[in-house]
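Read the figures in this text as sums done on the coordinates, not as results from a lab. Just so you know, these numbers come straight off a predicted model, no measurement behind them. Cβ placement follows ideal geometry from the backbone for every residue including glycine, while neighbour counts extend to all protein chains displayed.
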Ligand code: PMP
């Protein structure tokens, strides 16, 4: 039966990684893959993570099964990190939390949950959105449709178009929103815009589904959670997918969580039993190690502070690189305006150049990015900023 399959094209980002590795140019720059890098271009293990791992190694006594919901302590702390300690959804016990294999696991379990509630559910996603959102949602057989979001010409959110499109959605439709640090465009809703979207969603009976994979890498841990906390306050039903890949640097440990908020405690118990049964039929239970690290950090004041400080260093580095890139491009005499870059948040922005120009940067200058011109800001450093700015300016001159 295997002969019925056709080979699929390689993932463009993975392809780019291979090309980059094979490039011998000492000046090569990787702005493709979405991982945080330090000034040396290294994705280091955070000190708080190493300390937590050392502690775990010394104290862990069993590797027995933990169950579909994962570790209770992790779920307790991660839901408070996201919603704040005093959130009413937590106090009223309306929330079901499950530790998942990364943000992807959370997104897929949330999607499967929606499919179980109503198989023909429509999920609205931003145009553009993170490339993997669509396969994760469609894999659960949901209908996926887009609302306007980023305007490549003005480099801003098409907020009026976004609102008027969502006004046309049907009650019971689900709206997927990026909690902060939009991937791929870096343009985030302002607090005023979140307020308007929350009112619209609640009034129309639309169900918010927030994907938050970069909490703490935009403006700060609490600031980045403004939208998700607001919606959790206002909407009777809601889904959240969160990831510890970026803000704890736990990428390969596959650590995330899915949270589902129900209108009341009774409904929450029904939600929990269904979510756990879905998890059981997919991967049974999540891997323990990454979540144990996060739990160790968040249950210890000193480690929490050390982690928060390291995260602030990462956040400030990204912000500084955003300013430096815009300044360095302007200093080359480039006539195109890149002042939007420091206005945007998180690891990604579109340079806004075309596919041919992306190709020239790759072929002539060994600067690698995906065809859409999305760059990983953290791939920049003082070693390559001038080179990137000058090369871009050269390509734009034609
Ligand atoms: N959502 C978004 C928007 C992301 O960018 C990512 C990671 N690239 C994820 C979710 C999930 O990440 P992971 O599964 O690695 O935790």
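For a Förster distance of 35 Å, can you work out the FRET efficiency between the beta-carbons of residue 24 and residue 55, rounded to the nearest 0.05?
E(calc), rounded to 0.05, equals 0.25.
If you average the C-alpha positions of region 340-362 and of region 138-196 separately, how far apart do those two centres end up, in angstrom?
After rounding, the separation between the Cα centres reads 20 Å.
Can you give the calculated 222 nm mean residue ellipticity of the chain, where each DSSP H run of n ≥ 4 adds -39,500 (n - 2.57) and the sum is split over every residue, rounded to the nearest 500 deg cm²/dmol?
-14000 deg cm²/dmol
Fewest to most neighbouring Cβ within 10 Å: what's the order for 246, 234?
234, 246
Compute and list, largest first, the equivalent-ellipsoid semi-axes of region 22-91 from the alpha carbon gyration tensor, each √(5λ) rounded to a whole angstrom.
35, 20, 13
Limiting things to C-alpha atoms, what are the Rg and the maximum Cα-Cα separation (Dmax) for region 65-299, in angstroms?
Rg, Dmax (Cα atoms, Å): 16.4, 52.
Principal axis extents for the chain, Cα atoms only, whole Å, descending order, please.
Between the extreme Cα coordinates on each principal axis of the chain lie 63, 56, 54 Å.
Based on the Cβ-Cβ distance of residue 265 and residue 170, what FRET efficiency does E = 1/(1 + (r/R0)^6) give at R0 = 45 Å, to the nearest 0.05?
For residue 265 and residue 170, the calculated efficiency is 0.95.
Need one number for region 264-398: average projected area of the convex hull over its C-alpha atoms, nm².
13.1
So in the chain, what percent of DSSP beta bridges are antiparallel if you round to the nearest 5?
DSSP beta bridges in the chain are roughly 45 percent antiparallel.
What is the log10 of I(q)/I(0) for region 221-311, computed with the Debye formula using one identical point scatterer on each Cα and no solvent, at q = 0.16, 0.21, 0.25 Å⁻¹?
For region 221-311, the Cα-only Debye profile gives -0.86, -1.19, -1.24.
Roughly speaking, what is the stretch gain from residue 38 to residue 154, that is 0.36 nm per residue apart minus the C-alpha to C-alpha distance, in nm to one decimal?
Contour length minus Cα-Cα distance gives 38.7 nm.
Do you know the relative contact order of region 65-299, to the nearest whole percent, from alpha carbon pairs under 8 angstrom that are 6+ apart?
The value is 31 percent.
Round to a whole angstrom and tell me the spacing of the C-alpha centers of region 199-249 and region 16-89.
Region 199-249 and region 16-89 have Cα centres separated by 19 Å.
Exposure proxy check: 375, 212 ranked by fewest other beta carbons within 10 Å?
212, 375
When N is the residue count of region 153-194, what does its C-alpha Rg come to as a fraction of 2.2 N^0.38 Å?
1.25
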